[in-house]
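To keep things clear, I will list the structure first and then write my remarks on it.
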Amino acid sequence: MDTTRRSLLATVGGASTIGLAGCLGSLGGGGAGNCDPQEEPPVNSLPVPAMGDGDVMVKVWSDYACPHCRTFTVEALPKIEENYVASGDVTYEHHDFPIPVSEKWSWGAASAARGVQDSMDDEAFFEMSTLLFENQDKYTMKLVGDLAEQVGADRCAIVGDAQYDTYRPVLEQDRQRGVNRGVQGTPAIFVDGEQVDFSGAQSFYPPIEEAIENAL
């Protein structure tokens, strides 16, 4: 079942790192809360989540269980949005690259975010994605459900996506695109096709800003 899974169901009833040798680890589980999620057929196709319509293309490959990806999302992404996406200079794309840091959550959290995208839109996806990264050290199925409700998505459907990796085929395709570009670690950030080099950098934003300014 492909891109418009929820609509159809309704009708019928790195190596770019800052001191990062490789994100490794595992995170916990937890109950789903007040619902009994059902497994649905895997989704094989979904558009890349994007925001903005600028001429400069920024593409980022992330793992939802990678602490460096959390730092990028919390500290650098808001500045990219404010300074370049809002101004119409940049188109920003999110790509998934489950290393996986956590066999459970690198896939599960990404699948939950894609479920929000599929059932709502890209704006809701980015809201859910940011909330997931902000709460990276607290991942449970109940939290996934709570965050889904917060962005206006169906709690049980999104918990089911996380629990059963509904969007794993989409994530695997995205990961392969990253591998084809030479991604070895996360976050891997490309500006107009060139990977940003963070060697010696103390934070993510300045090298990204420089790359965008050069592209502009």
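Tabulated data for the structure shown
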| quantity | calculated |
| --- | --- |
| Kirkwood hydrodynamic radius (C-alpha pairs) into Stokes-Einstein, the stretch 31-76, 20 °C and 1.002 mPa s, D in µm²/s | 146 µm²/s |
| Mean projection area, nm², convex hull over Cα of the stretch 27-119 | 7.4 nm² |
| Inter-site label distance for E134 and E213 at 7 Å from Cα along Cβ, in nm | 2.9 nm |
| Residue (of F126, G115, C66) at the positive-pole extreme of the stretch 54-161, dipole from beta-carbon charges | C66 |
| Hits among lysines - C-alpha to C-alpha of K138 under 18 Å, sequence gap 8 or more where chains match | K104 |
| Residue-count net charge about G88 - beta-carbon cut-off 10 Å; Lys, Arg +1, Asp, Glu -1 | -3 |
| Cα convex hull of the stretch 176-216, projected area averaged across orientations, nm² | 3.0 nm² |
| Highest to lowest packing among 138-146, 44-52, scored as the average C-beta count within 10 Å | 138-146, 44-52 |
| Residue-by-residue Karplus 3J(HN,Hα) for the stretch 144-160, coefficients 6.51, -1.76, 1.60, Hz, glycine and proline x | 4, x, 4, 5, 4, 4, 4, 8, x, 8, 6, 4, 5, 5, 6, 4, x |
| Highest average packing first - 159-172, 123-136, 72-85, Cβ atoms within 10 Å | 159-172, 123-136, 72-85 |
| ³J(HN,Hα) computed for each position of the stretch 207-214 - Karplus, 6.51 cos²θ - 1.76 cosθ + 1.60, integer Hz, glycine/proline x | x, 5, 4, 4, 5, 5, 4, 5 |
| Segment Y205-E39, extension gain: residue separation times 0.36 nm, minus the distance between their alpha carbons | 55.8 nm |
| Sum of side-chain charges, N34 neighbourhood, beta-carbon under 11 Å (Lys, Arg +1; Asp, Glu -1) | -1 |
| Karplus-derived 3J(HN,Hα), 6.51/-1.76/1.60, for each residue of the stretch 187-203, Hz, glycine and proline x | x, 10, 10, 10, 10, 6, x, 9, 6, 6, 9, 9, 4, x, 6, 9, 8 |
| Solvent-free Debye scattering, log10 I(q)/I(0), computed from the Cα coordinates of the stretch 55-169 at q = 0.11, 0.21, 0.22 Å⁻¹ | -0.32, -1.14, -1.23 |
| Residue-span extension gain [Q150 to D121] - 0.36 nm each, minus C-alpha spacing | 9.0 nm |
| Separation of the Q173 and E82 label points, Cα + 7 Å toward Cβ, nm | 3.6 nm |
| Protection proxy ranking, peptides 101-108, 59-66, average beta carbon neighbours within 10 Å, highest first | 59-66, 101-108 |
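Here, each number is a calculation from the coordinates, and none is a lab measurement. In this text, all values refer to a predicted model and were calculated from it rather than measured experimentally. Cβ coordinates were reconstructed from backbone atoms using ideal geometry, including for glycine residues, and neighbour counts include every protein chain displayed.
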